[in-house]
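Here the structure is laid out as structure tokens; the discussion comes afterwards.
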Amino acid sequence: MAGRLVNALGSSALAAEAFSDLATLRHMLRFEAALAQAAAEAGLIPKRTAPIIAKACDPSLYDPVALADAARRTATLTVPVVKALTEEVAKRDGEAAGYVHWGATSQDVIDSAMVLQLGEALPPLLKELDAIVAAFASLARKHRRTPMLGRTLLQPATPLALGQKIAGWASDISRAARRLDASFKETQVVQFGGASGSLSALGDKAEPVMAALAKRLRLELPAAPWFTQRVRVAAFAQDAALVVGSLAKAARDISLMMQIEVGEAAEPAGPGRGGSSTMPHKRNPIGAALVLSAAGRAPMLAATIVAALPQEHERALGGWQAEWPTLAALIETLASAVQAMDEVAQGLSVDPDAMQANMDATEGAVLAERATFLLAETMGKQKAGKLVEEALAKGGSFVEALGQLEKELSDEAALLGYSPKFVDRLLAELRRK
């Protein structure tokens, strides 16, 4: 994988650690230790050998570089890891070495290690997502009646409450996070099927070994091995990409609101944060940049995993091998977006005066829709539309050109329409989740 410097903008320290060489070996060897203990409990291997094997399952005893080189010669990391583990056990006890990896296959180790890595990486990210939603909900509540320009096709539209925009961010992020949480939980199942999924090598001891293995790894025991049934993994990947996309929606809006000629919002400041290498005046939306960068990568990574779904027969060639590195990159991408947006959400500042100034700059033109409907109540929509068009064509102040409805068009409560109530509804929905 790329070095930390190349990947500095594409990952967070937490996610990088979950998929580090040490973590990868730790989870693979955790599987091997748990398997030895489960097999010993079932009477398949001598009880005295399990602790010897478990003691050799120390990731610091192994060389990741040598293992990675050897893995390319077998198309699986499990083969060199099991070989190295067997050699390490043999140093302690020759007989115990013969019971390493009893009844398992390469994919059992890889898939189980993969879901264990997800179990390490995801809970903190889900907690951070909750914090992002809470921060946006709080800001939306504060700005329930703060008017701002709505914008459609990047142009001024009718006004709405700032709180509705922010509550909308929170709502979609929460929705995506709930989907991710559900699909994450579905991934937390052990993989244990042996050579082709029948566990025939274990005979009538298969059930107790499966159950004990799952319990020791703190994973659920599925109805059967899932070697080529990969919907769990693909659904999780898609939901991870959806979370990144929902964060990117907020990031896109914030970056546009931060443009100096708009000036309606600002990311938190700090020493060196948002600076330029050559322009001292710059305050760049760097949190938004990191999230939008992640949004450019996440869909393609998820698509790679979905594309690997049609896998051959009982164990596939190339399909599941494509998943692990792709999933690691996807989680690192997700973590980068979550970490960046968490910082933005906790410190985002808004400028209601700038929002009012931007509305004033339209000289009332954004009130044209409301004026049309007010006039239509007495003269019909067609005639009202013609009057409004004529007033707009005069330029300058729309209300003055219209020559009527000054009081009605200055009513701020009417200006915002149902927007504050939409804020309430969105926030109430969040509280129910």
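Every number in this text was worked out from the coordinates using simple rules, so none of it is lab data. Quick caveat: nothing in here was measured; it's all calculated off a predicted structure. So basically every Cβ, Gly included, is an ideal-geometry build from the backbone, and we count neighbours across all protein chains shown.
Once the Cα atoms are used to define both axes, helix 106-142 deviates from the longest principal axis of the chain by about 20 degrees. Over the C-alpha trace of the range 362-402, radius of gyration and Dmax come out as 9.3, 26 angstrom. Near the amide H of Tyr62, within less than 5 Å, lie no amide hydrogens of residues on another chain or at least 5 residues away, with H placed in the peptide plane. DSSP bridge analysis restricted to the chain gives an antiparallel fraction near 90%, rounded to the nearest 5. Ranking of Ile173, Ile53 by neighbouring Cβ atoms within 10 Å, starting from the fewest: Ile173, Ile53. Helical content alone sets the calculated 222 nm signal of the chain at -21000 deg cm²/dmol, taking -39,500 (n - 2.57) per DSSP H segment of four or more residues and averaging over every residue. Over the chain, Cα pairs under 8 Å with separation of 6+ residues give a relative contact order of 19 percent. Exposure proxy shown here: for Leu22, Leu256, Leu118, the number of other Cβ atoms within 10 Å sets the order, fewest to most, as Leu22, Leu256, Leu118.
Neighbour counts of other Cβ atoms within 10 Å put Leu317, Leu126 in the fewest-to-most order Leu317, Leu126.
Computed about its Cα centre, the charge dipole of the range 1-135 is approximately 200 debye, with only Lys, Arg, Asp and Glu carrying charge at their Cβ. Straight-line reach from Lys394: taking Cα to Cα under 16 Å and skipping same-chain neighbours fewer than 8 places apart, the aspartates and glutamates in range are Glu363. Computed extension length for Asp353-Glu389: 10.1 nm, one decimal, from 0.36 nm per residue of separation with the Cα-Cα distance subtracted.
As a quick test, which of the pairs Lys383/Lys407; Lys383/Lys421; Lys47/Lys205; Lys83/Lys185 have an alpha carbon distance above 23 angstrom in this structure?
Violating the 23 Å limit, Cα to Cα: Lys383/Lys421; Lys83/Lys185.
One decimal place: the segment Arg141-Lys215 gains 22.2 nm when fully extended, by the rule 0.36 nm per residue minus the C-alpha distance.
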